[in-house]
Structure formats: structure tokens, C-alpha cells
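Below is one structure, written out as C-alpha cells; the observations come after it.
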Amino acid sequence: MYLSSSRSTPLGVTASATRRVAANVVMLGVVSLLTDISSEMVSSVLPLYYTSVLGLTMLQTGFLDGLFNGASVFLRLVGAHLADRFRARKPVAVAGYALSAVCKLGLPAVGASLAGLSTVLAVDRSGKGLRTAPRDALISLSSTPETQGRAFGVHRMMDTAGAFCGPLAAFALLSVVATAYDAVFMASFCVAVLGVLVLLLFVRERPRASHHRGAGNCAKAEEHRSAPSAPAQPIGPLDSATGARAYLRNAAFRRTCLCVLLLETATISDAFVYLTLQRQDDLAARWFPLLALGTAAPYLLLSLPLGSLADRFGPWRLYLGGHVCFALVLALLAGSVSGPLGLVLVLGLHGTFYAATDAPLMAHTARLLPDHARTSGFAVMQSLQALGMFASSLLFGVAYRLQGSRWTLEVFGVALLLCLGAAALLIRPRTAKESP
Amino acid sequence: MTSAPDSPVITRGRLITFAVAFALLAALGIDYGVHAAHRENRLTHQGPGAAPAAQDLDLTGATGEILFRDTEPGPGFGFLATVRRSDPTGPRTVGQTSCERVYAAAGTVVCLSTEYGAIPSHHVRILDAKLKQQREIDLGAGAPNRARISADGRMASWTVFTSGDSYASNTFSTRTSILDVRTGTLTPTLEDFSVSKDGTSYLPVDRNFWGVTFSSDDNTFYATMSPISTGKTYLVRGDLAKRALTVLRENVECPSLSPDGTRIAFKKRVGTDTTHPWRLSVLDLATGRETQLAETHSVDDQAAWLDDSTVAYALPAAQRSTSDLWSVPADGNGAPALLLHGGFSPAALTTGTR
């Protein structure tokens, strides 16, 4: 269902109509906006809550991290498989969102017990793992192949808007209720439940776009599959496991996965970007917790325009371009940039990197996946991203310890450029055919 | 190719359902918030605690007194207060200066304060004996954690929590600064100091520092260093002039040097049990011998020496929002004793050796 066509016009008739973003996508954006407000409200006050109310030093919270991440990946893949198998993307997404919502009440309930807190945070993260792929599949299946970038751009914009508002809402609330952190948790719970309700009431499982996608559109999507083994667009339920996992044998998908893994490994995590900034700049050090907002601002502003550009010039180009921005971030950090202008530049490029890579990568991947395997394909992709990030953090930590900050940043910068070159060679966008 | 058109997703019934749910959730959130705010107010400000005096505290020449943050429910909650060391449960004098964390020696006071707002901001304030502000440093978003003054009142140090957001989940970091109050020289962080461990340079990316304590030469200090990802903590000895740190020992947090400079009181991690992670201990610097103190509750505080044989510290009170001050002999004998109800961040006032 398209916003423009929901009342009068038939679906996807005019060019302008197909450029609009489906109502399903907007509603999923609202769900993410509310959920991010909710989760960022909690995560922004957690440090204060730990230390001032519970008297906990947070050093211990990292202990079980790796284990929980592994469990979360497993859950993500299983959930995605079920979502595809039974065409139950919405129910799986609802389960994920609901799980996280309940966790907001769990926080005050477990009190100062670190085991309890770790469990609640792990369940919360599992909910996030569970819901991401089916949600992205719904976004993708609600949009035509020509508007994938724009659809994901709109969604990520709304998602980031929530991440932006959450901390501000939490602290505004705290300034009224003093140290009553449970009031923040309760408010966060209410917002999260609202998000689940929007999902339940206003998002449909079977978006029209996927049913109505004409043969022409499918053919276009099909052209990007360079592998002959790619399945012919299957519409009906697919029962055999081999058929359902055929996308894994799709050479273009595999190459994309390889590139994503390489590039994720060559980029450094937000935490290290901010840590490096903090070491180099007193302003950044004092406002450390707010650096993430500095990244979120350009991410928020550029998600939609860059998503649309991805539709026009090819998502892979945008994805690679985003990593060029990240190479510049590394160069600036290695050059010990400091001062307000340097800070703005680094965070601006960092936010642009996210805007240029997140939605376009989803748009690119969507083209490689048949409808019935889209959730699983996204889940595989997102798991590889997580794996790459994990490897990157390990490598960065070790290299930094052995060789110091500058050397490490330079090596990561060179590695990133090499991976970029490889990614450009491995996947060549055929833009002539991409534009409708 | 075409399936039957889906029924519209935005129907009147669903909109009404959503509106009702919205109203109920809003009511729940607001009602709970109001209720919680009242409860906090009752716990902190409505109680028998002493009211702030008409004039602020005057610590000039004060000796034999304990300065602390008053956390007794009542009008004086959060303000600095003093009691006689000889009669700590007796009447307390509450001033008009509000601090989250405080320490003082020889007429210099370090006060970490927080102003709540849409974005909470924190400041460190250096005050004189009449609690007049000498210097204020913006801590940005760093939440107060530890504070210390050297025995002669010249050096000040503080630690704040900084932390990432959810994207960087579980990254946790602290930032420790040192100020020479006399010259005004500020060392914003220890993270760019050189670190030597077993004779070689040791600079993990996630090294964090907290809990400085000064020795009498105002150049040598001790602190905790931890590469967060390793989960280990180290006692380091610092040389401020050389900007150098040496790792001395593992599993020592929040060191506090005794007035005679021979021992360090610290919190030692004694288990992974999260309800009882730390044991208050004392390290003899000359012999390296560790002594566990008689306090069996887990202490998460940088202990303050009341004299050469007694340390004081805060423990959470039965009521969540408050804490009590306790003392225990520093030789491992005896038993912990309650100093006073409703207090936090103690400092035994001395005139110093200046």
C-alpha cells in the first residue's frame, strides 16, 4: 500500500507513485522511533542508575557479553528462518519488540543484582536481534525494487530520530522526578508498548507490493543475480529446506557477504572512534556521552537523501562511498584532529558513513534475495556484520596495545582502502539497468 | 497475479483501540512518575534531618571534625555538614553547599556537583575553608565518582564516570584529573601518562583510571588503573612531574594513603558474587602484606582515614536513597562501628602540615 495510492490510484501506476514510500514502511518507522526512544531513555540513564542508585561499578557488566552476543545471533537466525518459513515476519517482529518492552519493567524488578541486570540486558538484546531482520524484510517487501533505498532511508531516519530524542526525554524526566529512575523505566515501558501496538494494529504482514510486483519489476531484480543458481522468483510457499536456503548459494549474495564482512572488520567501532576523540580533545572528553548524538544528527538528516541517491545511482556505490567517509574519519583521527571544528568534521563524516551505508546495504541485499528468503538473508547479513564488528574490536584492541593509537589507525585505514578496492572489483553495479 | 485487495489497515476500530491504549499508557506513565517523584521527595526531603543553617559552614582551623555529605532525609539532604569526631551521632551542622561527593584537607575543599536538566551537567568546584569558590571546572557529562585532596590542601583530584551510549554498549570509562590548586595547573587526564608494567610499556586502549590518593610530597600519588576488557585492576604509583605511572600490584581499587604514608586502604575484589564483590583491606607498602579489615559488608568507596589507625567509609542504608557512615580499625582487628546515619563521602578535617 502506497501513501499516494491507498485511496484512489491503483498501485504502482505512475512513476511518482512508485517513488513514494509505502504506508507499511512509515508505520514500521513509527514503531522503530518509539522503540528507540524507549531503549535510549534507558541506556542513557543506566550508567547513572548503576552508580548512583545501585552503587555498582559497571566494570563487571562486560563479562558475559560475548556469550550473550552468541546467543543473540542464534536467536536471530532461528527467528528469521521461522519468519520466512511460515510467512510470519510480523509475529516474529512483534515477539522481538514485546520482549524488549517487558525488559524495561525487568530493570527495577531485579534491583542491584548484577546477574539479574545482565539477564535483563541480554534478553533485551535478544529481542533486538529477533526483530531486526523480519522488520527489515517487511520494509523491503513493502517497497518496489526501485524504492528500496528510499524506504530504508525513511525508516532509518525515523529510527535515528528516536535514538536522538530518547536521552533528552530521559534526562528531562529525571530533572522532574529527581532520582526516581523507576519512573524513567516505567515511561520507557509505556513508550515501548505503544510501539508494539502500532506494529500490531497498523503494520500488515502481507504487503501489497510483494503480491502485486509485476513481472517487469521482478525481471529487473532478477537481472542483478549473476549466478545461474539463483532461484526463479518463487511466490508460493517453499517447503524444502534446500530451496529455502538457495539464496546462500547465490554468488552475488555470497560476494556481498564477503565484502560486508571485510569492510566491517576494517572499520572501527563507535566506541573506539569516541575513545580516540576523547584522548585527543578535551571538549570531546567532557561531553563523551553526547558524542553519539553528534553522529546521530548527520545520520538523521542524510538517511533519506542518501537512500534516494542509492535508488538512482546504485546502492553499492553509496555503500562504498560511505566507507570512503570512514577512511577520512580514520585519517583525521590518525592526524590527531582536535578543536570544535575537527570534532564536527569527524562526527559529521561518521554520521554520513552510517547514512550512506546502512540503508543502501539493505537495499542492495534486498535485490539479491527472493521474497521467501528475505528475512533469513538479512539475518545472515546482519550476523556477519556483528561478527565483523567483533573481530574489528578484538584486532583494534590488540593492535593498539602493541603499537599505539596512530599506527593502529593508519593500518586500519590502509586495510579499509584495500577492502574497498576489493569490494569495488567483486561487485560491479550495473547502473544502466538499475535505474528504471 | 493479483490477489484480493487487502482490507485497509487504518480502520476506525483500530484507531479507537490505539487512542484508548495511548490514553491508558500515558495515564500509567504519568501517574507512576508523579507517584515516584513524591516517594523520592519523601525519602530525601521529608524527614527529621537537620535544616541548613543560616550561614554556610566555616572550616577555618577546623580539626577534630568530620565533613560529609548529609543524606539524612530532611531539608538538609545533599548539603555539606560537619560533626565532632568525638560525638559523631551528636548534632550536625548543615551548611548551604550542595555536593554529590566531597573531600577536604587543610582548608581546601573539592566538591563535585550535579545540575539536573534535559542534559545533566557536572562541575568540580574547589572551595576554600569558608566554602567560597576558588575555581570551577566544567565536567561536561561526567558523573561524579571520587574526590581527594592532598594532606596539605595543595593538590586536588577527582574521578568522573563517562560512558558511551547503547551503540557502544557496555563500554564504561572513567576519567581522572589532577589539579595543583596553588599553581592552577590542571592535568585533565591520566590516560596520556606513560605506564610501565614489569619494566615494559603497557598501554591498552581501554585503560581507565580512578581513585587518586596523594602522598606528602604532592608529586607522588597512587591510583587504580584498569584495562576494562581484561576485568583486572592494578594499583599504580604515579609521578606527576614525569607524567609516568608504574604498575605495582594487581587487584587494588580506590587506594587511600594513611596519614603517616605507610599503608594504603583499598577495596579488594574477593569474588564474582555480585552482591559481595569487595572487601575493605589495608596494604602495608613496605612489606607488601595485605590485611583484610573487620568489615564484612562489601564496600564500594574510597575509604578515608580518620587517624592512623581508623578508616571511615559509606555503606548503603536500609533505605535505598541514603547511606550511613561507618568506621573500622585499620589493623584487621575489632569490629566496624556506625559513625552516623545519613551521611556520605566522609573527610576527617585536619589543619595539615602547611
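The values are calculated or read from the model by the stated rules, or taken from the named source; none is laboratory data. Here the structure is a predicted model, which is why all the values come from computation and not from measurement. Every residue, glycine as well, gets a Cβ built from its backbone with ideal geometry; the counts of neighbours run over all protein chains shown. Calculation scope for accessible area: heavy atoms of the full protein, side chains included, ligands and nucleic acids excluded. Shrake-Rupley method; radii C 1.70, N 1.55, O 1.52, S 1.80 Å.
Below is a table of values for the structure above.
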| quantity | calculated |
| --- | --- |
| Percent accessible area from carbon and sulfur atoms, the range A:60-200, protein chains only, probe 1.4 Å | 76 percent |
| Per-selection Rg to Rh, the range A:268-387 - Cα, Kirkwood hydrodynamic radius | 1.04 |
| Charge tally in the Cβ shell below 10 Å around residue B:234, where Lys, Arg are +1 and Asp, Glu are -1, residue B:234 excluded | +2 |
| Binned Cα-Cα distances of the protein assembly as shown, short to long, each 20 Å bin given as a whole percent | 16, 45, 29, 11, 1 |
| Residue mean of other protein chain beta carbons inside 10 Å, B:40-48 | 2 |
| Largest to smallest principal axis extent of the C-alpha atoms in the range B:232-307, angstrom | 40, 29, 21 |
| Cysteines (scope chain B) whose Cβ has no counterpart Cys Cβ under 4.7 Å | B:254 |
| J(HN,Hα) series, the range A:332-338, from Karplus relation 6.51 cos²θ - 1.76 cosθ + 1.60, nearest Hz, glycine and proline x | 5, 5, 5, x, 6, 5, 8 |
| Shielding by partners - mean other protein chain Cβ count within 10 Å, residues of B:192-205 | 2 |
| Restricting the range B:207-262 to trypsin sites (Lys or Arg not before Pro) in coil, as DSSP defines it, with at most 11 other Cβ within 10 Å | B:242 |
| Reference-scaled alpha-carbon Rg (2.2 N^0.38 Å with N residues) for the range B:1-155 | 1.69 |
| Radius of gyration and Dmax over the Cα atoms of the range A:69-109, both given in Å | 12.0, 37 |
| For the range A:316-342 versus the range B:209-256, the gap between their alpha-carbon centres in whole angstrom | 35 Å |
| Partner chain coverage, peptide A:170-182 - average Cβ within 10 angstrom | 6 |
| Pair residue A:410, residue A:74: separation of 7 Å Cα→Cβ label points (nm) | 4.4 nm |
| Inter-probe distance in nm under a simple model that places probes 7 Å from Cα toward Cβ, at residue B:115 and residue B:291 | 4.6 nm |
| Tilt relative to chain B, helix B:12-45 - C-alpha long axis, 0 to 90 degrees, to 10 | 20 degrees |
| Percent of C-alpha pairs per 5 Å bin, the range B:213-349, short to long | 2, 10, 19, 23, 20, 14, 8, 3, 0, 0 |
| The range B:1-75: trypsin sites (Lys or Arg not before Pro) in DSSP coil with no more than 16 other Cβ atoms inside 10 Å | none |
| Given charges at beta-carbon only (K, R positive; D, E negative), |dipole| of chain B in Debye | 300 debye |
| Accessible surface of residue B:60 - all protein chains present, 1.4 Å probe, nearest 10 Å² | 90 Å² |
| Per residue convex hull volume, Cα atoms of chain B, in Å³ | 199 Å³ |
| Accessible solvent surface per residue of the protein assembly as shown, calculated while the other protein chains remain in place, 1.4 angstrom probe, Å² | 38 Å² |
| Helix-only mean residue ellipticity at 222 nm for chain B, each DSSP H run of n ≥ 4 adding -39500 (n - 2.57), per residue, nearest 500 | -3500 deg cm²/dmol |
| Measure of compaction for the range A:108-164 (Cα Rg per 2.2 N^0.38 Å) | 1.59 |
